[in-house]
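A.B. asks: Attaching a single structure in structure tokens format; questions to follow.
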Amino acid sequence: MFRRKKKEESEAPPSIETSEGAPVAEPITPTSEAAAEPAASAGAETAAAPETPAVDQPDAAVGKTSRTRRGNRVQKIGTVSSDKMQKTVIVRVDRLVLHPKYRRYVRRTSKFMAHDDLGSTTGDRVRIVETRPLSANKRWRVVEIVQKAAK
């Protein structure tokens, strides 16, 4: 059949150099700019050590809160379908999936067991976030109650 062309060197990503061949300093990320602004407002630290590399500054910013190291956790919004357990609810999350053959949207439902300290009841819309295993089946935690159930 058809063979793929081998990638040529012209398709390779450009190196970090200028047209004269002199190497360019590493680009500053937005996180390091944000970390550099508080240091600039202090004034004394920037005047004392102007040769401090920008790579060391984000480490200090990361050390402020432990949440930044964890990254973005998966969040889902669903409806509480059962609250008969103590501090545990079952949350039903619906999603629409395009059927591959018929090209129609089909509703798929997933049920998650979530730890609930907020006291949500059946019918509430809640936001759950992924967390470490809390029991044999419980790996989610209720973060907030988005909408209370109509009574």
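Rule-based calculations on the coordinates, nothing more; no lab input. Just so you know, these numbers come straight off a predicted model, no measurement behind them. For neighbour counting, all protein chains shown are included, and Cβ atoms are generated from backbone atoms with ideal geometry for every residue, glycine included.
A.B. asks: Return the sequence-ordered ³J(HN,Hα) values of the range 91-99 in whole Hz as given by the Karplus equation 6.51 cos²θ - 1.76 cosθ + 1.60 applied to θ = phi - 60°, using x for Gly and Pro.
C.D. replies: So the Karplus estimates, Gly and Pro as x, are 10, 9, 10, 9, 9, 9, 10, 6, 5 Hz.
A.B. asks: Residues with beta-carbon under 12 Å from that of Arg108, excluding Arg108: net charge, scoring Lys, Arg +1 and Asp, Glu -1?
C.D. replies: Charge balance near Arg108 sits at +3.
A.B. asks: Residue separation times 0.36 nm, minus the C-alpha to C-alpha distance between Thr131 and Asn72: what's the value?
C.D. replies: 20.1 nm
A.B. asks: Excluding Thr122 itself, calculate the net charge of residues whose Cβ lies under 10 Å from the Cβ of Thr122, where each Lys or Arg counts +1 and each Asp or Glu counts -1.
C.D. replies: Surrounding charge for Thr122 is -1.
A.B. asks: Search the structure for amide H atoms under 5 Å from the amide H of Val143, placed 1.01 Å from N in the peptide plane, and list their residues when 5 or more places away or on another chain.
C.D. replies: Correct list: Arg127, Ile128, Val129.
A.B. asks: Now for a separate question. Whole-Hz ³J(HN,Hα) for each residue in the range 80-86, computed from phi via Karplus 6.51 cos²θ - 1.76 cosθ + 1.60 with θ = phi - 60°, x for glycine and proline: what do you get?
C.D. replies: 6, 9, 8, 9, 7, 9, 7
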